[in-house]
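Notes follow the structure.
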Number of protein chains: 2
Amino acid sequence: MKRIVILGATGSIGTQTLDVARRLPERLRIVGLSARHNEELLRRQAHEFDVPPAGLECGEEADLVRLARLDGADAVVVAVAGAVGIRATLAALEAGKDVALATKEVLVAAGELVMAAARTNGVRVLPIDSEHSAVFQCVQGSPADSVEKVWLTASGGPFREWGRDRMAAAMPADALNHPTWPAMGRKITIDSATLMNKGLETIEARWLFDLPMERIGIVIHPQSVIHSLVVFHDGSVLAQLGLPDMRLPIEYALLHPERVDAGLPRLDIARLGTPLTFDPPDEARFPCLALARRAAQSGGTMPAVLNAANEAAVGLFLEEKITFPAIPEWIERAMDAHAPQPRPTLTQILNADAWARRQVTQDF
Amino acid sequence: MKRIVILGATGSIGTQTLDVARRLPERLRIVGLSARHNEELLRRQAHEFDVPPAGLECGEEADLVRLARLDGADAVVVAVAGAVGIRATLAALEAGKDVALATKEVLVAAGELVMAAARTNGVRVLPIDSEHSAVFQCVQGSPADSVEKVWLTASGGPFREWGRDRMAAAMPADALNHPTWPAMGRKITIDSATLMNKGLETIEARWLFDLPMERIGIVIHPQSVIHSLVVFHDGSVLAQLGLPDMRLPIEYALLHPERVDAGLPRLDIARLGTPLTFDPPDEARFPCLALARRAAQSGGTMPAVLNAANEAAVGLFLEEKITFPAIPEWIERAMDAHAPQPRPTLTQILNADAWARRQVTQDF
């Protein structure tokens with residue numbers, strides 16, 4: 001029986017984590033839940049899973065760091081947006097708890113700090129994310145140093161086949177129609193359209209699997225059946241496949257290395273009904289990929305700037321204040337103006353994040 | 001440094017095993033070699049790999065059992081055709097050596113005996129075969145009881161898209177043109193055309209991975225990029241991909257779980273140039289699949305009869321004495337006439353094999 005805290009319990013990952021726990025009552029016990037806005041749903045969740053008041057944090061002032069350190073919890077699911085996710089992740093790791101991580105900015109902005117905290121405390125950062133879970137599953141049976149390359153698959157997003165002119169005139173509604181993964185949030189759906197989502201994932205993969213950026217590739221696979229692939233030093237390639245259902249990576253992160261039937265729907269490979277295709281991404285039409293690579297290679301506070309500038313620029317695009325192609329332009333401008341600090345502290349990371357947001361939004 | 005004996009050194013798997021050893025001189029040392037016909041090549045191999053005379057067996061009377069037990073050898077590659085492979089495999093396992101197994105009939109005809117010998121002696125049977133190696137690689141990181149289903153991929157063979165009438169008139173030359181795997185032997189190429197190859201592989205998989213037949217599926221995947229897939233109890237699917245190059249499964253069988261760069265060519269997933277397709281096999285056009293399933297379910301000596309009757313019938317087809325659709329008919333006739341003996345001894349298996357061959361060939 002594993003005792004779980006969920007930070008961000010009322011969001012998409014939070015509610016799906018609870019569904020996994022509902023399906024595996026003998027294996028998972030929910031001992032803590034947090035929500036920022038939806039207090040009513042949080043109360044219902046707490047009632048259903050019998051979470052005591054000491055395990056609840058609610059509202060804008062929710063003390064996630066307290067919950068991340070909750071006595072008796074084995075693992076903390078971090079599924080909150082933003083910088084508070086970094087603090088909570090560090091707190092959980094320092095308290096000796098495994099972190100099942102859904103919040104992208106944690107590793108993008110603070111990967112070096114976070115992975116060092118995991119190592120120091122002898123605990124793990126387990127990915128909740130279809131691509132990184134795929135890689136994590138593929139590397140299980142091989143020695144740690146046997147990975148030659150990781151291929152993260154990308155659906156290619158809604159503009160995969162759009163020309164430059166059409167992309168230049170894209171409106172938020174065009175981007176918000178994601179082809180394969182249902183019910184994603186607005187921000188991540190725009191990131192999927194710019195492919196920044198994949199750029200951020202390469203930075204996460206860099207930390208999770210301790211690989212240099214040049215050994216992390218992206219391949220466009222519009223059917224989203226293969227969730228990622230690993231090439232080993234012998235030339236063998238392993239891939240993980242599945243339906244687009246986040247409950248599977250959630251379950252794997254919580255029960256790893258065990259594989260228990262939670263009654264999730266199965267992929268039937270003989271009845272896919274569609275051929276699987278793989279193509280290199282068009283870096284010219286999707287400049288966010290090169291920006292992410294550049295940020296990771298600059299290191300230090302630069303990935304935090306990339307991430308924050310992207311969030312700010314996506315916000316402006318959603319408000320229809322900038323065009324779709326202006327998103328990477330604003331990010332690049334912020335990065336050009338930033339001198340990265342190497343081996344940053346959390347405070348330096350958060351300062352860089354705030355600075356980058358101001359750089360993008362100050363003129364609007 | 002692993003010390004290796006190769007039974008069948010001058011054949012396709014044997015020479016490819018030597019190529020792997022040539023590429024990994026720090027890891028693999030050849031200590032024994034056998035050949036039945038090509039003495040000249042064997043002498044050259046012995047010279048190149050510095051194998052002493054005591055490690056050589058040559059000719060029709062080659063004592064493979066002696067070589068399988070060779071003092072100081074860690075693993076024996078069994079890549080000889082026919083029943084002598086069963087004897088040699090059992091001898092190697094009983095002498096405490098791992099067996100890297102390429103000879104199909106060993107597990108098809110004597111799977112129960114062979115796996116029991118491996119268990120009793122605390123050694124392993126490692127597959128040299130792209131499909132079983134794929135499964136073996138996929139199951140590495142998960143607990144032993146977590147496999148829900150195995151999907152063996154099949155190219156579909158040269159008659160994949162042929163109608164029944166055209167198949168009825170097929171000549172050996174039509175079948176001997178295999179679409180994806182180059183340079184296979186004549187017998188295995190016909191097995192690929194009837195899909196009996198895949199039927200035999202399901203029986204092998206049944207023993208290697210200790211699964212009931214109904215949890216081993218076949219999926220037609222003409223591109224032969226994915227070599228097989230495993231569905232786990234949580235619904236996750238892992239697959240192994242690679243170029244059609246037997247040296248990779250050979251290397252994995254010999255170095256498992258390590259993955260060392262032997263300079264083998266790499267699969268570049270982003271530049272496949274072809275979509276990957278998956279379809280259920282047409283059991284009506286390929287009755288060998290049902291015959292294999294029936295033989296495995298009958299158990300005992302029946303799979304030996306299936307295998308031997310198939311070899312005899314394929315021989316008759318290659319001699320143009322029977323038609324292509326008559327191959328499964330002759331196998332079925334032999335199976336119908338056989339009362340399988342449960343838990344057979346090696347002698348009973350060999351008798352059933354000889355009996356089945358006579359059943360098929362006696363009228364010709």
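The values are calculated or read from the model by the stated rules, or taken from the named source; none is laboratory data. Remember, predicted model here, so these are calculated numbers, not experimental data. Don't worry about glycine lacking a Cβ; one is built from the backbone with ideal geometry, like all the others, and counts go over all protein chains shown.
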Among the residues of the stretch B:236-280, count how many are touching a residue at least 60 places away in the same chain (Cβ under 8 Å), more than 22 Å from B:Ser12 (Cα to Cα), surrounded by 19 or more Cβ atoms within 10 Å (Cβ to Cβ) and not hydrophobic (A, V, I, L, M, F, W, C).
1
Could you list, ordered by first residue, the pairs with Cβ atoms under 9 Å in which the first is in the stretch A:136-150 and over 23 Å from B:Asp268 (Cβ atoms) and more than 7 Å from every other protein chain (Cβ to nearest Cβ) and the second is assigned to a loop (DSSP other than H, G, I, E, B) and modelled with pLDDT of 95 or more, at least 6 apart or interchain?
A:Ala144/A:Asp210
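For every residue, the table says whether it meets (1) over 29 Å from B:Asp282 (Cβ atoms); (2) within 15 Å of the chain's Cα centre (by Cα).
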residue	(1), (2)
B:Ala102	no, yes
B:Thr120	yes, no
B:Leu126	yes, yes
B:Cys138	no, no
B:Ser142	yes, no
B:Trp151	no, no
Mind checking which helices (runs of 4 or more DSSP H) fall wholly inside the stretch A:48-130 and carry at least 1 residues that are over 22 Å from A:Asn38 (Cβ atoms) and at pLDDT 95 or above?
A:84-94, A:104-121
Would you confirm, using the coordinates I've provided, whether B:Lys187 is in a helix (DSSP H, G or I) and either in contact (Cβ under 8 Å) with a residue 40 or more places away in the chain or in contact with a Gly (Cβ under 9 Å, 6 or more places away or on another chain) (or both)?
yes
Scan the stretch A:68-86 for residues that are crowded, with 19+ Cβ neighbours inside 10 Å and under 21 Å from the mean Cα position of the chain (by Cα) and jot them down.
A:Ala68, A:Ala75, A:Val76, A:Val77, A:Val78, A:Ala79, A:Val80, A:Ala83, A:Val84, A:Gly85, A:Ile86
For the stretch A:186-198, indicate whether the set of residues that are basic (Lys, Arg) and surrounded by fewer than 20 Cβ atoms within 10 Å (Cβ to Cβ) is non-empty.
yes
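Kindly evaluate B:Ser192 against the criterion of being touching a Gly at 6+ places or on another chain (Cβ under 6 Å) and at the interface with chain A (Cβ under 8 Å from one of its Cβ atoms).
Numbers: touching a Gly at 6+ places or on another chain (Cβ under 6 Å): yes; at the interface with chain A (Cβ under 8 Å from one of its Cβ atoms): no.
In short, no.
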Restricting to the stretch A:1-47, name every residue that is charged (D, E, K, R), part of a helix (DSSP H, G or I) and either in contact (Cβ under 8 Å) with a residue 60 or more places away in the chain or crowded, with 22+ Cβ neighbours inside 10 Å (or both).
A:Asp19, A:Arg23
Does A:Leu350 fit the bill of being within 23 Å of A:Glu204 (Cβ to Cβ), touching a residue at least 12 places away in the same chain (Cβ under 8 Å), assigned to a helix (DSSP H, G or I) and out of contact with any helix residue (DSSP H, G or I) (no Cβ under 7 Å at 6 or more places or on another chain)?
yes
Candidates B:Leu28, B:Leu42, B:Leu56, filtered to the one that is farther than 22 Å from B:Asp245 by Cα and touching a helix residue (DSSP H, G or I) at 6+ places or on another chain (Cβ under 9 Å)
B:Leu56
